[in-house]
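Student: Here's a structure for you.
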Amino acid sequence: MDNLSNTDENYDLGYQPSPSSIDQNDQSTTGTPGYSTMSGDSFIYCRTYSETSAAFSDPVDDHSCCSEASPSHWPATGSGVQNQAVLTRIGTKQRKSNADEKLDYLESLDLELETMKERFAKLLLGEDMSGSGKGVCTAITISNSITNLYATVFGQNLRLEPLNPEKKAMWKREMDCLLSVCDYIVEFAPSKSQNLCNGTVVDIMESRPRSDIYINLPALRKLDAMLIEILDSFQDREFWYAEQGSMSSNSTQTGSFRRVIQRNDEKWWVPVPCVPPTGLSEKARKHLRHKRDCANQIHKAAMAINSSVLAEMEIPDSYMASLPKSGRASIGDPIYKFMYTTEKFSPDYLLDCLNIASEHEALELADRVEASMYTWRRKACMSHSKSSWGMVKDLMSDVDRSDKNHILAERAESLLFALKQRYPGLAQTSLDTCKIQYNRDVGQAILESYSRVLEGLAFNIVAWIEDVFFVDRTTRNQD
């Protein structure tokens, strides 16, 4: 009781005793930071009283008088003031650094939010900024957005080198935004059956990703990542690039680069690859061959996905109405006679005989062959008196396989396939353009545009590697 009264009396006088003056049995409940008279705001770390006094107070003699106040409660002088000042400066710097990082993070979030708002507005307006409702449909808007994004990110990247980090982040961020639409494109399928009280059996439906998106979209994402990885693999390389019409000091050591410039006269904007005077090392050539084969396989996979998506799109009635009445008149007499009179039709042999000189001629031939193919297919199903492509596709299984029109349509299809294989960089045919223009399916629009831009990037990578090989062979042959 006397101890309690003394304690109360001390608190009334504004005096706080040292922990050493308190009975040993009460230390577990009273050894708290409440004994420290130092302000907690001057410390960046929240320490207990024992930690603080042990670190910054002078050592206390165990035999000192317990009635005296603890040195930690004396006015801080000397090294204690310096320690407090150092901690205060450290805490201020760290708080300032954290504030700057938080501000940068908030600014990046605001920028992404503004980008999302812009995308959302263009999507709703159909790219018609007047708001008069004359914009295009959602499918075309997303398709154009993916195409324009590809041109922005990869349009100026005409070299075998890693993509700029900012553009790489932009490509990933905005593609994730555009592809997120596919997360909400679903189809309903029966999951299980349930018996009702009256004996009726009903199927319980559940939503799942649409089959074409479920199969193709993950594959396209994988192809995308592989193409970015191929570009990143050329961080350390033995070759370099000189802009068209200008030669670096290293490239003037050999005259082989002049030939490359002459070879690329039709593409003057493409930078010219340069190699050392002795050519590339065997390790570098092996690396280039491996990446070329990978890019070639990616190109084939993307082209197959694009072709399958385009094949599933509905053919517009306007295209069917514009077809010629005679497939023979469209494709020409020489090709028609070869396709009709030959027992074993070889599309590759026919293409060799045609001597196609340019891709423009190849595209023109593809348009004529495709138009003839659908003309013959429509004639094969003419007995059903239906001209729409949906009915033609449904009724093709009922057509006599020995029918002349059916045979010509199959051979025209094989010729068109061989033509696209021989010219992988061929532009879209008139039918493909018409399908994309009139397509209203958002999922198909995303798959088609995504596969198309990946197909173009893979083709460019293969072409860039071939340019390096051409310069390397020319240099080594001169030596």
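Student: Anything in the range 212-242 that is part of a helix (DSSP H, G or I) and buried (at least 18 other Cβ atoms within 10 Å of the Cβ)? List them, or say none.
Tutor: Passing the criteria: Asp212, Ile213, Asn216, Leu217, Leu220, Leu223, Asp224, Leu227, Ile230, Leu231.
Student: List the residue pairs whose Cβ atoms are under 6 Å apart, where the first residue sits in the range 273-295 and is over 20 Å from Ala225 (Cβ atoms) and touching a residue at least 60 places away in the same chain (Cβ under 8 Å), the second is in a helix (DSSP H, G or I) and open to solvent by 40 Å² or more (accessible area, probe 1.4 Å), and the two are 6 or more positions apart or on different chains.
Tutor: Filtered contacts from the range 273-295: Pro277/Gln253; Gly279/Arg476.
Student: Could you please find all residues in the range 402-428 being within 28 Å of the chain's Cα centre (by Cα), surrounded by fewer than 18 Cβ atoms within 10 Å (Cβ to Cβ) and in a loop (DSSP other than H, G, I, E, B)?
Tutor: Listed by number, the residues that qualify are Pro424, Gly425, Leu426, Ala427, Gln428.
Conditions (1) in contact with a Gly (Cβ under 7 Å, 6 or more places away or on another chain); (2) among the hydroxyl-bearing types (Ser, Thr, Tyr), marked per residue:
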{"residue": "Lys102", "(1), (2)": "no, no"}
{"residue": "Leu106", "(1), (2)": "no, no"}
{"residue": "Ser132", "(1), (2)": "no, yes"}
{"residue": "Cys137", "(1), (2)": "yes, no"}
{"residue": "Tyr150", "(1), (2)": "no, yes"}
{"residue": "Leu160", "(1), (2)": "no, no"}
{"residue": "Glu166", "(1), (2)": "no, no"}
{"residue": "Cys182", "(1), (2)": "yes, no"}
{"residue": "Glu187", "(1), (2)": "no, no"}
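Student: Also, I was wondering about something else. Consider Tyr340 carefully, then state whether it is at pLDDT 90 or above and hydroxyl-bearing (Ser, Thr, Tyr).
Tutor: Considered against the rule, which asks whether it is at pLDDT 90 or above and hydroxyl-bearing (Ser, Thr, Tyr), Tyr340 comes out as no.
Student: Please state which one of Ser372, Ser326, Ser358 is out of contact with any Cys (no Cβ under 8 Å at 6 or more places or on another chain), under 13 Å from Leu415 (Cβ atoms) and of a type in the set (S, T, N, Q).
Tutor: Ser372
Student: Does Val181 count as assigned to a helix (DSSP H, G or I), of a type in the set (Val, Ile, Thr) and surrounded by 17 or more Cβ atoms within 10 Å (Cβ to Cβ)?
Tutor: Taking the combined requirement at face value, the residue does not satisfy it.
Student: When you go through (1) in a helix (DSSP H, G or I); (2) buried (at least 17 other Cβ atoms within 10 Å of the Cβ); (3) modelled with pLDDT of 90 or more; (4) of a type outside the set (A, V, I, L, M) one by one for Lys172, which number turns out not to apply?
Tutor: Lys172 satisfies every listed condition except (2).
Student: Then there's this: Which of (1) farther than 14 Å from Thr147 by Cα; (2) surrounded by fewer than 22 Cβ atoms within 10 Å (Cβ to Cβ) is the odd one out, the single condition Val468 does not satisfy?
Tutor: In the conditions (1) farther than 14 Å from Thr147 by Cα; (2) surrounded by fewer than 22 Cβ atoms within 10 Å (Cβ to Cβ), Val468 misses (2) alone.
Student: Limited to the range 108-130, what total is found for residues that are surrounded by 12 or more Cβ atoms within 10 Å (Cβ to Cβ) and outside any helix (DSSP H, G or I)?
Tutor: 3
Student: Still on this structure, I have one more. State whether the residues of the range 184-202 include one that is among the small types (Gly, Ala, Ser) and modelled with pLDDT of 90 or more.
Tutor: Scanning the range 184-202 turns up no residue that is among the small types (Gly, Ala, Ser) and modelled with pLDDT of 90 or more.
Student: Continuing with the same structure: Output the number of residues of the range 145-169 satisfying the condition of being free of Cβ contacts under 8 Å to residues at least 40 places away in the same chain, part of a helix (DSSP H, G or I) and open to solvent by 40 Å² or more (accessible area, probe 1.4 Å).
Tutor: Counting residues in the range 145-169 that are free of Cβ contacts under 8 Å to residues at least 40 places away in the same chain, part of a helix (DSSP H, G or I) and open to solvent by 40 Å² or more (accessible area, probe 1.4 Å) gives 7.
Student: Could you count how many residues in the range 339-358 are more than 22 Å from Leu431 (Cβ to Cβ), open to solvent by 50 Å² or more (accessible area, probe 1.4 Å) and of a type outside the set (Asp, Glu)?
Tutor: Qualifying residue count, the range 339-358: 7.
Student: Residue check, Leu431 against (1) in contact with a Ser or Thr (Cβ under 8 Å, 6 or more places away or on another chain); (2) modelled with pLDDT of 90 or more; (3) open to solvent by less than 70 Å² (accessible area, probe 1.4 Å), all met but one. Which one?
Tutor: All conditions pass for Leu431, except number (1).
Student: Quick one: would you say Glu361 is part of a helix (DSSP H, G or I), open to solvent by 70 Å² or more (accessible area, probe 1.4 Å) and within 30 Å of Ala445 (Cα to Cα)?
Tutor: yes
Student: Search the range 421-441 for residues that are on the phi > 0 side of the Ramachandran plot and pair each with any residue that is of a type in the set (Asp, Glu) and modelled with pLDDT under 95 when their beta-carbon atoms are under 7 Å apart and the residues are at least 6 apart or on different chains.
Tutor: Between residues of the range 421-441 that are on the phi > 0 side of the Ramachandran plot and residues that are of a type in the set (Asp, Glu) and modelled with pLDDT under 95, there is no close pair.
The values are calculated or read from the model by the stated rules, or taken from the named source; none is laboratory data. Keep in mind that what you see is a predicted model, and the values were worked out from it rather than measured. Cβ atoms come from the backbone with ideal geometry, glycine included; neighbour counts cover every protein chain shown. Protein only, heavy atoms only, side chains kept; ligands, DNA and RNA dropped before computing areas. Shrake-Rupley method; radii C 1.70, N 1.55, O 1.52, S 1.80 Å.
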